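Structure first, then comments.
No value in this document is a laboratory result; all are computed from the given coordinates. In this text the structure is predicted, and so the values were computed from the model without any measurement. Cβ placement follows ideal geometry from the backbone for every residue including glycine, while neighbour counts extend to all protein chains displayed.
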Ligand code: CP3
């Protein structure tokens, strides 16, 4: 089946394109009142994510509302630990919590490598249904957390500013850390391969907590596992987004990935120099969307001229904040299209 709008896919593959493709991280979610209505109907985030009809509906909402060049499947990175035997809860206005954590080899022995088809079948069903309902309008992005970020949540048990419980284990029990990271990696590879079989057109890895590691630790505890994933996912383009890992840009650009995500702390010109032969994606500070329309347009113009109009996917530098005015998000998308069309 050919896509009506394959701009993002062509750009991710390294082709030259007639304009810059654009989508927004976390575009499917609380910014849209129509999302909140469906979420209300479902009762909880987890029920919503586990009901393919509803997950497909909220995946497509931002395509209708913002006219973005891609959909991203509505799910969460934390479905992988759950599939490994560590269930999570999503607590309103607090975020995810794991009632049990994994902090030593004995805890690890109670987990399994996730079986994608049986443990994550609901995500695969949501992907199949979304592909059908999207009817080839735009590509569908599949995703997973990078192993180190998943490790953070499984060991810490909840969100944290420092993830010091997780980081402590890297120093006190590196053997355990590597064993857990490998089990997450094996689960993630099987899961992403199943997502591709179910129909996703691209994959993005979110290493949301990359920025808490030193360059040396990042090389030891994150990059080798991302590399294993990149080496085995060869059928669709792969994006690696390592938030805060400005120090690892060159090494990430050496992986067998197609696109490298850039956050707003990373200078576009410097990023191009460090990652000369990959497509870049990013990097508008999501807080810019609190500014007025004229300022948003000016910031987008500047971002486009800094990255250039080829080998580039416009996005925010991290997920859109839930209290963003949807009209401002629409302004961002429209400005990218207006200023980058040949
Ligand atoms: O539009 C999309 O991006 C698709 C859906 C998506 C969600 N989570 C839905 C969600 C994606 C890609 C994610 C990824 C995710 N989840 C990441 C990596 C991206 C990033 O932001 O760094 C992380 C770290 C998580 C873990 C997570 N899930 C947290 C920390 C939270 C609470 C804070 C928050 O952002 O809400 C969630 C909850 C979550 N995941 C919501 C949504 C729509 C909000 C829950 C709700 O609707 O009640």
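Numerical summary
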{"item": "Candidates 281, 204, 295, ranked by Gaussian network fluctuation over the chain, Cα under 10 Å, top entry", "result": "295"}
{"item": "FRET E, pair residue 128, residue 294, Förster distance 30 Å, beta-carbon r, rounded to 0.05", "result": "0.10"}
{"item": "Convex hull projection area averaged over all views, the range 176-272, Cα basis, nm²", "result": "6.1 nm²"}
{"item": "Cα pair count fraction exceeding 21 Å, expressed as % - the range 102-186", "result": "44 percent"}
{"item": "Calculated diffusion of the range 214-332, Stokes-Einstein form, Kirkwood radius summed over Cα pairs, 4 °C and 1.567 mPa s, µm²/s", "result": "86 µm²/s"}
{"item": "Three-way shape call for the range 240-287 based on the alpha-carbon gyration tensor, with the a/c threshold at 1.5", "result": "prolate"}
{"item": "Separation in nanometres of the label points that stand 7 Å from Cα toward Cβ, at residue 269 and residue 342", "result": "2.7 nm"}
{"item": "DSSP bridge orientation in the chain - percent antiparallel, rounded to nearest 5", "result": "15 percent"}
{"item": "Cα long-axis angle, helix 223-232 against the chain (0 to 90 degrees, to the nearest 10)", "result": "70 degrees"}
{"item": "Using a Förster distance of 22 Å, the FRET efficiency for residue 101-residue 53 (Cβ separation, nearest 0.05)", "result": "0.10"}
{"item": "Burial ordering of 122, 191, fewest other beta-carbon atoms within 10 Å first", "result": "122, 191"}
{"item": "Alpha-carbon Rg with Dmax, taken over the chain, Å", "result": "18.9, 59"}
{"item": "Residue of 139, 21, 33 that the Gaussian network model of the chain assigns the largest fluctuation, springs spanning Cα pairs under 10 Å", "result": "33"}
{"item": "Distance (nanometres) between label positions extended 7 Å along Cα→Cβ at residue 13 and residue 34", "result": "3.0 nm"}
{"item": "Computed [θ] at 222 nm, deg cm²/dmol, the chain (DSSP H ≥ 4; -39,500 (n - 2.57); rounded to nearest 500)", "result": "-14000 deg cm²/dmol"}
{"item": "Principal axes of the range 25-163: Cα extent on each, largest first, Å", "result": "47, 31, 25"}
{"item": "Folded to 0 to 90 degrees: helix 293-307 orientation relative to the chain principal axis, Cα", "result": "80 degrees"}
{"item": "Using alpha-carbon coordinates, inclination of helix 52-66 to the longest axis of the chain, degrees", "result": "30 degrees"}
{"item": "Cα→Cβ-extended label distance, 7 Å offset, between residue 277 and residue 193, nm", "result": "2.8 nm"}
{"item": "Gaussian network model of the chain, springs between alpha carbon atoms under 10 Å - residue of 93, 109, 44 with greatest fluctuation", "result": "93"}
